[in-house]
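Q: I have a structure here, written as structure tokens, and I will follow up with some questions on it.
Here, each number is a calculation from the coordinates, and none is a lab measurement. Quick caveat: nothing in here was measured; it's all calculated off a predicted structure. Methodologically, a virtual Cβ is constructed for each residue, glycine included, from the backbone with ideal geometry; neighbour enumeration extends over all protein chains shown.
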């Protein structure tokens with residue numbers, strides 16, 4: 001789908017095979033399966049495949065089943081306005097954090113956080129905030145499978161280091177990122193406990209802007225959480 005979205009026009013079997021470096025036989029089987037299910041069609045015979053409109057109701061049905069509540073979007077809007085920095089809502093996706101909603105800063109130099117962005121769960125404040133919502137055994141299971149790649153000089157490089165940072169963050173009441181995945185990026189994250197999802201909110205931007213106002217950002221997140229506490233009550237109901 002990303003390939004067709006970027007391309008913006010039909011693609012032949014040969015073009016798809018070449019782009020992904022897939023065997024022609026495997027590519028043929030995939031395209032034929034999607035065509036038979038109605039997800040691909042040929043706008044003009046033998047000129048290539050293109051996604052059909054059948055994808056739209058499918059995605060809409062998925063979104064309706066578990067939408068991002070409007071209250072969460074309002075929460076991000078308020079945080080961006082108060083702090084001037086990018087505000088993000090993150091969830092767990094395997095060994096990573098996936099951004100499911102975001103409102104970017106209006107500054108020219110800002111943290112770019114498009115929906116669907118993936119960051120390592122152990123190397124981000126958002127990831128550690130999410131891990132703090134899990135049971136000890138669930139958290140340990142994820143961290144034991146983590147690949148501790150060194151992204152920057154401040155990346156935490158062991159199970160013990162991440163576990164200790166989670167414990168310390170719980171004590172101080174917030175989770176802090178100090179350029180562990182992206183150099184010179186600072187962030188403050190907090191878990192957003194709900195009845196049916198593990199979510200966390202992040203406010204992030206250049207370290208030079210985030211660090212001096214760390215306490216103010218923490219205060220803003222706590223106050224906006226309090227304003228939007230009805231979200232949790234509604235889900236519990």
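Q: For region 61-181, what is the convex hull volume of the alpha-carbon atoms per residue, in Å³?
A: So the per-residue hull volume is 127 Å³.
Q: Starting with the highest mean, order 134-147, 65-78 by the number of other Cβ atoms within 10 Å, averaged over the residues of each peptide.
A: The densest-packed peptide leads the list: 65-78, 134-147.
Q: Still on this structure: Calculated FRET efficiency, residue 59 and residue 215, Cβ-Cβ r, R0 30 Å, to nearest 0.05?
A: 0.15
Q: Under a GNM of the chain (C-alpha, springs under 10 Å), which listed residue has the highest mean-square fluctuation: 148, 99, 20?
A: It is 20.
Q: Something else about it: I'd like to compare 169-175, 21-27: which one has the highest average count of other Cβ atoms within 10 Å, and what's the full order after that?
A: So the peptides 169-175, 21-27, ranked by packing, come out 169-175, 21-27.
Q: Is it possible to state the helix-based mean residue ellipticity at 222 nm for the chain, with each DSSP H run of 4+ residues giving -39500 (n - 2.57), the sum divided by total residues, to the nearest 500 deg cm²/dmol? What is it?
A: That calculation yields -13000 deg cm²/dmol at 222 nm.
Q: Same structure again: On full extension of the chain, what length is gained from residue 138 through residue 13, given 0.36 nm per residue of separation minus the C-alpha to C-alpha distance?
A: Net length gain for the segment: 40.7 nm.
Q: Kindly provide log₁₀ I(q)/I(0) values, in the same order as q = 0.28 Å⁻¹, from the Debye equation applied to equal alpha-carbon scatterers of region 2-62.
A: With no solvent term, the Cα-only Debye profile gives -1.30.
Q: If the chain were replaced by its equivalent ellipsoid, with semi-axes equal to the square roots of 5 times the Cα gyration tensor eigenvalues, what would those be, largest first, whole Å?
A: Gyration-tensor ellipsoid for the chain: 37, 21, 18 Å.
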